[in-house]
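Here's the structure, in structure tokens; my notes come after.
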Amino acid sequence: MTKDFSYQCLNCGHSEPYIAQIGACPACGGEWLDPIYNLPETAQIWQNELSSRDNTMWRYWELLPLLDPRHIVTLGEGWTPLIHTDNLGAMLGHRHIFIKDERQGPTASFKDRQASLAISVIKESNVTELVVASTGNVAISYSAYCARAGIKLWAFLDSNVPHEKMREVTLYGTEVIKVSSTYDNTKQVAARFAKHRNLFLDKGIRSIAAREAMKTLAFETAEQLGKKVGRPWAAPDWYIQAVSGGMGPIGVWRGFHELYQMGLVDKIPKLAIIQAAGCAPMVNSFEKGLETAEIVEQPSSVINVLSTGNPGPAYPYLRNLVLKHGGAFVKVEDEATFRALRVMAQLEGLSMEPAAAVACAGLIKMMQEGLINADETVVVNASGHAFPIEKQILERESVKSHTRVQNLARHEVESVTDNGHLRQERLLAALERLDERVQSIAIVEDEPDARLLLRRILQYKRKYKIFEADDGASGINLIRTQQPDLVLLDLMMPDVDGFAVLDTIKADEQLRNIPVIVITAKDLTSDDYRRLSGRVESLLQKGEFMEEGLFESISDVLK
């Protein structure tokens, strides 16, 4: 069965029926072309037939730019799991965080979706030789699918791509050209080569197929999330992804927009665009209020796959979406990324590539800054797996983290400075300081998962006598009755909050000397700091109270 659809130029609005792979708009030469499908008809088809189809991304083929399904090149991509994060949610005090686990694609990254559709469209257009520029994952995915389709591939890789990834690309029979320069320059070299040889050049985000493939992430997420909440379809409040060129979030937004137009979901999620601080042209430009992105000429992040200094047309497109529909541009330091990478592996059992950990670090930062509400549903794209090909980066970061832990053990931060800033440290570091004084601990926290996680961390340290209270009023009674050696106190509780508990403790002569460690999921205001100053032992931010020394054994703790 074939289908008919048209396309429209984003630049001039020209529209005409789609008949084959299109390089540019015939009216103005614009390269950003969007397909136009029959959405009402598709909605009816999906309601009647979708449940009986195979669980791959091709179950949504009515809204993909391929004319004939006989040209599909597939390795079973799509329908990756949507995983609820029990332990991460407990750490952050948030129950509605899900990971879209794209690590489980055929070549272990979300680029398999792009490769499957792009190579299918190229095959349909009778292209037999293709040129692509890549930082690694695209080249691996395209190599696998080109091999399956019998298409010769030339892959241009920048010099920072790990040798293991280059060897995997060559394994598929791809011709690999290593360019000793940045990824942006590598793309230019690839374009000149394709023009000189008169070969088809994959244009990445400017390609209809590449963008449209990412819609399937939205379609799957809506179906899977719907099943979890008892509905046919459901959209999250936030979709979070680390970006380089920005193709993923653009395609995902378009997918949710089409679902909304078909009446299958009642909202479109806000986009959170996360970038590594060492190469964050979109975030920096958004913060400056710029309509076009300032190019980062020399990226400094060690996360090579995200080091695109020139995002091109993606930035103004995403900027417009965020300004109109809500969302955020966030950057995270490499150190925070590798901390998130270890947290996700050792709390949730998800070993992910550093680029995916950038998205998780962005989530943690957004939670701490109060950008995400406690009742909002969040989906994070875990874009790829951390195979040994990442060992150069991971080994270097492991050494750095070990050194930092040793430094923490040797040097203590001042408890309370003159300007009222609180000591901020990690839980096990605080217990080391208080070790001889602490035999019993009271946990006052309204989230049961957070209480469980804290109990496990404490039990890892030693056999403390642990008491628990699930609200402020019960916490006050517990502290009066048991008089523990230490109180771990959540600030954000309904009715009687942590501040009220602290006031009660400090007003009682028998309790006022019990040390209190405050736990919070949000940034404190200056007034909050004043209320806590001189009254608490230290402050723990949810999302950062995991000591690196614990990471080596956390898997045993969480069994």
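Read-outs throughout are calculated quantities, based only on the coordinates presented, and are distinct from any laboratory measurement. The structure presented is a predicted model; accordingly, all values stated were derived computationally and were not measured. With ideal geometry, Cβ positions are generated from the backbone for all residues, glycine too; neighbour counts draw on all protein chains shown.
By the Cβ rule of 4.7 Å, the chain holds the following cysteines without a possible disulfide partner: Cys146, Cys279, Cys360. Residues whose amide H lies under 5 Å from that of Phe329, counting only those 5 or more places away or on a different chain, are Ile273; hydrogens are built 1.01 Å from N in the peptide plane. Let's test the formula: R0 of 45 Å, r as the Cβ-Cβ distance of Ile36 and Glu335. What FRET efficiency results, to the nearest 0.05? E(calc), rounded to 0.05, equals 0.50. On the basis of the beta-carbon distance and an R0 of 35 Å, Lys267 and Lys463 show a calculated FRET efficiency of 0.15. For the chain, take the longest principal axis of its alpha carbons; what is the angle in degrees between that and the long axis of helix 39-49, to the nearest 10 within 0 to 90? Helix 39-49 sits roughly 70 degrees off the main axis of the chain.
Overall shape: oblate for the stretch 52-196, with the ratio a/c of the largest to smallest alpha carbon gyration tensor axis at 1.5 or above and b/c at least equal to a/b. Mean silhouette area of the stretch 111-209, derived from the convex hull of its C-alpha atoms and averaged over all directions, reads 5.5 nm².
Per-residue ellipticity at 222 nm, computed for the chain from helices alone with -39500 (n - 2.57) per DSSP H run of at least four residues, works out to -12500 deg cm²/dmol. Based on the alpha-carbon gyration tensor of the stretch 2-62 and its eigenvalue square roots a ≥ b ≥ c, which shape applies: rounded if a/c is under 1.5, prolate if not and a/b is larger than b/c, or oblate? It comes out prolate by the Cα gyration axes. At an R0 of 25 angstrom, the distance between the Cβ atoms of Tyr529 and Glu509 translates into a FRET efficiency of 0.45.
Under the classification rounded if a/c is under 1.5, otherwise prolate if a/b is larger than b/c and oblate if not, where does the stretch 302-374 fall, given a ≥ b ≥ c as square roots of the Cα gyration tensor eigenvalues? Oblate is the answer for the stretch 302-374, as a/c is 1.5 or above yet b/c matches or exceeds a/b. Close Lys pairs in the stretch 186-277 (alpha-carbon distance under 29 Å; sequence gap of 8 or more, or different chains): 14.
One quarter of the surface of the convex hull around the alpha-carbon atoms of the chain equals 26.8 nm², the direction-averaged projected area. Shown here for the stretch 165-247: trypsin sites (Lys or Arg not before Pro) in loop regions (DSSP other than H, G, I, E, B) with at most 11 other Cβ atoms within 10 Å, of which there are none.
For the chain, the longest principal axis of the Cα atoms and the long axis of helix 354-368 meet at an angle of about 50 degrees. Angle of helix 472-482 to the longest C-alpha principal axis of the chain, folded into 0 to 90 degrees and rounded to 10: 40°. Protection proxy ranking of 4-13, 153-162, 499-508, 71-80, by the mean of other Cβ atoms within 10 Å over each peptide's residues and highest first, is 153-162, 71-80, 499-508, 4-13.
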